Amino acid sequence: MSGASLPVLIALGLLGLAGGVGITAVGPGGVLPTIGLFALTGLTPAEVAGTAIVTHVATGALGTAAYTRSGQLREPATRRTALVLAATAVAGTPLGVLVNSAVSQRAFGLVLGVFVAGVAALVWCRERRRPAGARSHPPVPVVAVLGFAVAVASGLVGIGGPMLTVPLLVALGVPVLESLAAAQAQSVVVAGVGTLGYVAQGAVDWPLAALVGVPELAGVLLGWRLAHALPARHLTWALIVTLLAVAPYLALSG
């Protein structure tokens, strides 16, 4: 496991659990394992992204099953949005993987730091400007552009779809639970295509992927229950504070 010490391994497992909760409870949580792999191990940018994105194949599939069970992915509008997001991920994710191969360690840290701060700002805006009343899904062309852009970023950094897709869909008028549901389906394709790209490069640390991915799966189920049972606002604000706290460190490291 790349010579990682026991405290580092424990920290990575806990970040996997927290990331899983964030994925299905509020959306932007899947970056936490990526942050841990970059900050706590000696992996290259490709190995960080590849190892992280592998874990989102299972989390995306589990999240999709969970939101199908709770009914959100059975709704025609949500299903349409999910299919468009998944289709554009097939084209966007390989581009992100390709860009990653040209990024240095220092540049990857800077990109990740800016990315994390930007997501924190998106989530903060979402919380401050939750619109009331009836809400609907955006037109297919808008979803397609959003899906492609998110897939490129996800392939580059090594995350699934929910981190960016959920706050963006909510900002466009999609209800939170429906946004979470559509993003899970997108995440399966992003992670699957991204995994193929990084495996082809030999850039996946499988033991670390298992260490992060198993608790992440447990967190996905816990987060799904929290999303349906409790107001997620406190969890969301904790995530915002965490992302803003680590962003400068990531941007200055590498």
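At-a-glance table
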| read-out | value |
| --- | --- |
| Restricting segment 60-72 to residues that are surrounded by fewer than 18 Cβ atoms within 10 Å (Cβ to Cβ) and of a type in the set (Ser, Thr, Tyr), the residue that is farthest from Thr195 (Cα to Cα) | Ser70 |
| Residues satisfying the stated conditions in segment 192-226, i.e. at pLDDT 95 or above and under 30 Å from Val140 (Cα atoms) | Gly192, Val193, Gly194, Thr195, Leu196, Gly197, Tyr198 |
| Pair list, Cβ under 8 Å, 6 or more apart: segment 18-37 residue in contact (Cβ under 8 Å) with a residue 60 or more places away in the chain and under 14 Å from Ala191 (Cα atoms), other residue hydrophobic (A, V, I, L, M, F, W, C) and outside any helix (DSSP H, G or I) | Gly30/Ile159; Val31/Ile159; Thr34/Ile159 |
| Test: residue in segment 50-59 that is aliphatic (A, V, I, L, M) and more than 11 Å from Gly160 (Cβ to Cβ) | no |
| From Gly13, Gly36, Gly27, residue being over 13 Å from the mean Cα position of the chain (by Cα) and crowded, with 24+ Cβ neighbours inside 10 Å | Gly36 |
| Index of the failed condition, Val99 passing every other in (1) surrounded by 21 or more Cβ atoms within 10 Å (Cβ to Cβ); (2) within 22 Å of Ala247 (Cα to Cα); (3) of a type in the set (A, V, I, L, M) | (1) |
| The listed residue being among the β-branched types (Val, Ile, Thr), farther than 15 Å from Gly223 by Cα, surrounded by 24 or more Cβ atoms within 10 Å (Cβ to Cβ) and at pLDDT 90 or above, out of Val8, Val90, Val48, Val57 | Val48 |
| Evaluation of Pro162 against (1) at pLDDT 95 or above; (2) under 15 Å from Pro33 (Cα atoms) (one fails), failing number | (1) |
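The values are calculated or read from the model by the stated rules, or taken from the named source; none is laboratory data. Quick caveat: nothing in here was measured; it's all calculated off a predicted structure. Here Cβ is always computed from backbone atoms with ideal geometry, including for glycine, and neighbour counts include all displayed protein chains.
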